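The values are calculated or read from the model by the stated rules, or taken from the named source; none is laboratory data. Please read these numbers as outputs of a predicted model, since none were measured by experiment. Every residue, glycine as well, gets a Cβ built from its backbone with ideal geometry; the counts of neighbours run over all protein chains shown. Note: accessible area is taken over every heavy atom of the protein model, side chains too, but ligands, DNA and RNA are not part of it. Shrake-Rupley method; radii C 1.70, N 1.55, O 1.52, S 1.80 Å.
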Amino acid sequence: MSLLQRLHPRAWPLPGGCWVCLGWNGARICADCRSAFARPLPRCSGCALPLPPGTHSQLCGHCLQEPLGLTHCLAAVDYQAPWDGLLQALKYRGELGAAVALAELLPEPPKHLPRPQALLPVPQHEARLRARGHNPAEQLARALGRRLNLPVQRDWLLRLRDTPTQTQLNRPQRQANLRGAFALATGAPVRGGHWAIVDDVLTTGATVAALAQELQRHGAASVQAWVVARTPDPHA
Ligand SMILES: [Zn+2]
Ligand SMILES: [Zn+2]
């Protein structure tokens with residue numbers, strides 16, 4: 001973290017400046033900050049947890065036992081400094097520039113998988129959307145859509161009830177907590193198609209798992225999850 005950010009934790013860059021070090025060199029995330037904080041890691045293809053060195057499997061231990069049901073899970077970085085600060089700027093202050101910067105971090109999706117036909121942001125409940133004024137997942141999806149030339153369908157996934165953030169719950173408890181929380185909009189043409197769910201942070205994966213299940217129940221051929229940040233394994 002730069003001295004300037006330490007002094008002004010809410011500072012954001014001048015146009016053309018780096019969102020991490022606030023240096024001005026024409027990149028939203030400069031090469032130095034990328035190599036210091038966003039080095040690509042081998043990650044589990046089922047939940048994007050970093051894989052321990054020397055692992056030959058594509059899946060982590062959790063996904064081998066209890067997969068989330070995703071065709072692939074893509075994450076750019078671990079949920080830690082400096083990215084937590086940018087994600088909070090997006091989430092709580094609606095900084096659209098942070099969404100664009102964070103969207104640039106996402107690695108290219110694997111070439112052997114079908115290209116998603118649209119990006120589907122994780123929906124927010126209407127009450128939360130009204131209170132916050134924007135859906136950070138949708139802002140990320142829009143930034144990613146522009147970068148990768150993919151359409152965004154913001155109305156296909158619906159959140160029927162607000163589920164309080166319960167970071168204390170484990171994966172099965174969260175799944176139970178989310179039962180019936182989501183639905184697919186009537187007439188959303190997902191059957192036979194390839195889709196990517198977009199969110200800011202993936203913690204247990206229960207939310208994307210519930211949404212993927214809903215899409216698959218309606219005939220989706222593949223469902224990926226693309227997230228900016230993955231919380232580290234609490235049991236590691
Ligand atoms: Zn920088
Ligand atoms: Zn995994």
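Could you work out the Kirkwood radius for the range 1-117, taking every pair of different alpha carbons, averaging 1/r and inverting it, reported in Å?
Taking the inverse mean of 1/r over all distinct Cα pairs, the range 1-117 comes out at 15.8 Å.
Using only alpha carbon pairs under 8 Å that are at least six residues apart, calculate the relative contact order of the chain and give it in whole percent.
21
For the chain, what is the percent of antiparallel DSSP beta bridges, rounded to the nearest 5?
Here the antiparallel bridges make up roughly 20 percent for the chain.
Determine, from the Cβ-Cβ distance of Arg147 and Ala81 and an R0 of 25 Å, the FRET efficiency 1/(1 + (r/R0)^6), rounded to the nearest 0.05.
Working from the Cβ atoms, E equals 0.55.
So who's got an amide H within less than 5 Å of the one on Val20, skipping anything under 5 residues away but keeping other chains? H placed 1.01 Å off N, in plane.
Cys30
Any chance you could get the radius of gyration and Dmax over the Cα atoms of the range 43-230, in Å?
15.5, 47
Roughly speaking, to the nearest percent, how much of the chain's 1.4 Å accessible area is carbon and sulfur?
Ligands and nucleic acids excluded, carbon and sulfur reach 54 percent.
Can you work out the accessible area per residue across the range 43-230, with the rest of the protein chains kept in place, probe 1.4 Å, in square angstrom?
Each residue of the range 43-230 exposes 46 Å² on average to a 1.4 Å probe.
Could you work out how far apart the two model spin labels at Arg191 and Tyr92 are, taking each label as a point 7 Å from the Cα in the direction of the beta carbon, and quote it in nm?
Taking the simple label geometry, Arg191 and Tyr92 are separated by 4.6 nm.
Could you rank the peptides 63-69, 180-186 by their average count of other C-beta atoms within 10 Å per residue, with the highest value first?
Highest mean packing first, the order is 63-69, 180-186.
Gain in length, Asn177 to Leu160, computed as 0.36 nm per residue apart minus the alpha-carbon separation, to one decimal in nm?
Extra length available between Asn177 and Leu160 comes to 4.8 nm.
With unit charges on the beta carbon (Lys/Arg positive, Asp/Glu negative), name the residue among Asn135, Pro42, Pro116 whose Cα is farthest towards the positive pole of the charge dipole of the chain.
Asn135
How would you rank 221-228, 72-79, 93-100, 38-45, highest first, on the average number of other Cβ atoms within 10 Å across their residues?
Ranked by mean Cβ neighbours within 10 Å, highest first: 221-228, 72-79, 93-100, 38-45.
For a quick check of understanding: with a 1.4 angstrom probe and all protein chains in place, what accessible area in square angstrom does Ser35 have, to the nearest ten?
60
What FRET efficiency, computed as 1/(1 + (r/R0)^6) with R0 = 45 Å and r the Cβ-Cβ distance, is obtained for Asp233 and Asp32, rounded to the nearest 0.05?
Given R0 = 45 Å and the Cβ-Cβ separation, E is 0.95.
Just to check, using Stokes-Einstein with a Kirkwood Rh over alpha carbon pairs, what's the diffusion coefficient of the range 145-236 at 25 °C and 0.890 mPa s in µm²/s?
D, rounded to a whole number, is 172 µm²/s.
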